[in-house]
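Since the structure comes first, as structure tokens, the remarks are kept for the end.
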Amino acid sequence: SAGNIYSVLFEENKVEHAYRSMRKSRSTDSTCIEHQYAPTKSGKYAQIRYGGIKYYCHVVACMVQHKVVPNLGDEASHLCGNPRCVRPSHLVFEDGITNKSRLCCHLYLGKANNYICPHEPLCIVGN
């Protein structure tokens, strides 16, 4: 989408490089990889500065996984429920309502006996 700051990274084939430049924890299994930055004022997400522009770490990681620029209104949703996670396979672009509805899965999956994740892709629990 025109005017999307993430389209610059994508058009210049810099997504992978921006992701590799992030300070992050190391993990060799399927658990979360966490960025090593202080969160923004919202207290949830962190940004990296790349080429003079600030980008949210989890959005860049999601672009690595899906090889697309997020559509206007889409959010990078954490399948694992961990806002510090930047493991590309733990992220998906989806509308804000679906993203926020995943909170129920992270609250109830594995705790409430009859609760079943309604999402596609499925939420990741126990990471």
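The values are calculated or read from the model by the stated rules, or taken from the named source; none is laboratory data. Keep in mind the model is a prediction, meaning the values are calculated, not measured. Here the Cβ is made from the backbone with ideal geometry for all residues, glycine too, and neighbour counts use every protein chain on show. Ligands, DNA and RNA are stripped out before the accessible areas are found, and what is left, the full protein with its side chains, is counted by its heavy atoms. Shrake-Rupley method; radii C 1.70, N 1.55, O 1.52, S 1.80 Å.
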>> With a 1.4 Å probe and all protein chains left in place, how much accessible area per residue does region 1-108 have, in Å²?
In response: 56
>> Given the -39500 (n - 2.57) contribution per DSSP H run of 4+ residues, what per-residue ellipticity at 222 nm results for the chain, rounded to the nearest 500 deg cm²/dmol?
In response: -8500 deg cm²/dmol
>> Taking the alpha-carbon distance from Lys24 and a cut-off under 27 Å, which lysines remain once sequence neighbours fewer than 8 residues away in the same chain are dropped?
In response: Lys14, Lys41, Lys44, Lys54, Lys67, Lys100
> ³J(HN,Hα) across region 74-83 via Karplus (A = 6.51, B = -1.76, C = 1.60, θ = phi - 60°), whole Hz, x for Gly/Pro?
Replying inline: 7, 10, 7, 9, 8, 4, 8, x, 9, x
> Within the accessible area of region 1-123, what % is carbon and sulfur when the probe is 1.4 Å and the other protein chains stay in place?
Replying inline: 54
>> Under the rule of at least 5 residues apart or a separate chain, name every residue whose amide H is placed under 5 Å from the amide H of Val86.
In response: Ile33, Glu34, His35
> Hey, quick one: spin label on Ser89, modelled 7 Å out along Cα-Cβ, who in region 46-68 has an amide N within reach, i.e. under 19 Å?
Replying inline: 58-68
>> Assuming 0.36 nm per residue, please report the length gained on full extension of the stretch Leu103 to Lys14 beyond their Cα-Cα distance.
In response: 28.9 nm
> Can you pull the Kirkwood radius for region 1-60, inverse mean 1/r over Cα pairs, to one decimal in Å?
Replying inline: 12.5
> Once fully extended, how much extra length lies between Lys54 and Tyr115, figured as 0.36 nm per residue of separation less the alpha-carbon to alpha-carbon distance?
Replying inline: 18.1 nm
> In nm², what is the average projected area of the convex hull enclosing the Cα atoms of region 55-127?
Replying inline: 4.7
> Using a simple charge model, +1 on the beta-carbon of Lys and Arg, -1 on the beta-carbon of Asp and Glu, nothing else, what dipole does the chain show about its Cα centre, in debye to the nearest 20?
Replying inline: 560
> How are the Cα pair distances of region 23-90 distributed, in percent, across 10 Å bins from 0?
Replying inline: 20, 56, 23, 1
> Between Gln36 and Ser7, what length in nm is gained on full extension when 0.36 nm per residue of separation is reduced by their alpha carbon distance?
Replying inline: 8.0 nm
>> Just checking my list (i) 39, 32, 26; (ii) 48, 31, 28; (iii) 52, 37, 22 against Cα extents along the principal axes in Å computed from this structure; which label fits?
In response: (ii)
